[in-house]
Amino acid sequence: MTLKILIADKLAPEGATFLRSQTGVEVIENTGLTADELVQAVSVVDGVIVRSAVKLPEEILDKCFETPDCQLKGIARAGVGVDNVDLDAATDAGVIVMNTPSGNTIATAELTFTHMLCGSRPITQAASSMRANRWDRKFFIGSELRGKTLVVLGLGRIGAEVA
């Protein structure tokens, strides 16, 4: 038995390569689909992988399951959250929905630190000035973070550590 998996959203090439290397897996990469094309494509596969651009609302999923030969068993969201998938419609149809919550934690942490650094120095203003062939360095004085206390509000877990 061959599992057909549709990659309906842009995914890192390594993901498709890994799936193709698995025995009994057929990978179909088809991105940029209209709603009708998505219904047709999802209706003939066992699983679909999306990121955040592709939405699988109730209307799309219902149309898929109205197709007599619909064999969809799983929806994977490559990323955090599943807000682009109607969980009730999928659950009612017996489809498992999963995500990869730790898939981009390093990138998110790095972006957070980048924002903190940009908050202490006028990076965007200086870059804009340079692009306009102006360099008024006296206006681009920042604040050093050394010796300062950093408070992070809104952590999901108490005691989370950064490695």
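Only one of (1) more than 21 Å from Gly32 (Cα to Cα); (2) in contact with a Ser or Thr (Cβ under 6 Å, 6 or more places away or on another chain) is not met by Cys64, so which one is it?
So the condition that Cys64 fails would be (1).
Among the residues of segment 5-21 satisfying the criterion of being open to solvent by 70 Å² or more (accessible area, probe 1.4 Å) and not small (Gly, Ala, Ser), which is farthest from the chain's Cα centre (by Cα)?
Among those residues, the one meeting the criterion is Arg20.
Any residue at all in segment 47-56 that's outside any helix (DSSP H, G or I), over 21 Å from the mean Cα position of the chain (by Cα) and either under 9 Å from Leu6 (Cβ atoms) or touching a residue at least 12 places away in the same chain (Cβ under 8 Å) (or both)?
No; the residues of segment 47-56 include none that is outside any helix (DSSP H, G or I), over 21 Å from the mean Cα position of the chain (by Cα) and either under 9 Å from Leu6 (Cβ atoms) or touching a residue at least 12 places away in the same chain (Cβ under 8 Å) (or both).
Yes/no per residue for (1) under 14 Å from the mean Cα position of the chain (by Cα); (2) not in a helix (DSSP H, G or I):
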site	(1), (2)
Pro68	no, yes
Gly81	yes, yes
Thr91	no, no
Met98	yes, yes
Pro101	yes, yes
Ile106	yes, no
Thr112	no, no
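Taking the conditions exactly as written (of a type in the set (A, V, I, L, M), assigned to a loop (DSSP other than H, G, I, E, B) and within 24 Å of Gly103 (Cβ to Cβ)), does Leu33 satisfy them or not?
Judged against the criteria, Leu33 is a match.
Given the conditions (1) surrounded by 20 or more Cβ atoms within 10 Å (Cβ to Cβ); (2) over 20 Å from the mean Cα position of the chain (by Cα), and given that Glu59 satisfies all but one, which numbered condition is not satisfied?
Glu59 satisfies all of (1) surrounded by 20 or more Cβ atoms within 10 Å (Cβ to Cβ); (2) over 20 Å from the mean Cα position of the chain (by Cα) except (1).
Can you tell which of Arg134, Arg51 is modelled with pLDDT under 90, of a type in the set (Lys, Arg) and open to solvent by 90 Å² or more (accessible area, probe 1.4 Å)?
Arg134
Quick check on my filter: what residues within segment 86-116 are in contact (Cβ under 8 Å) with a residue 24 or more places away in the chain and within 20 Å of Ala16 (Cβ to Cβ)?
Those that are in contact (Cβ under 8 Å) with a residue 24 or more places away in the chain and within 20 Å of Ala16 (Cβ to Cβ): Met98, Thr100, Gly103, Asn104.
The values are calculated or read from the model by the stated rules, or taken from the named source; none is laboratory data. Just so you know, these numbers come straight off a predicted model, no measurement behind them. Counting neighbours? That spans all protein chains shown, and the Cβs are built from the backbone with ideal geometry, glycine included. Protein only, heavy atoms only, side chains kept; ligands, DNA and RNA dropped before computing areas. Shrake-Rupley method; radii C 1.70, N 1.55, O 1.52, S 1.80 Å.
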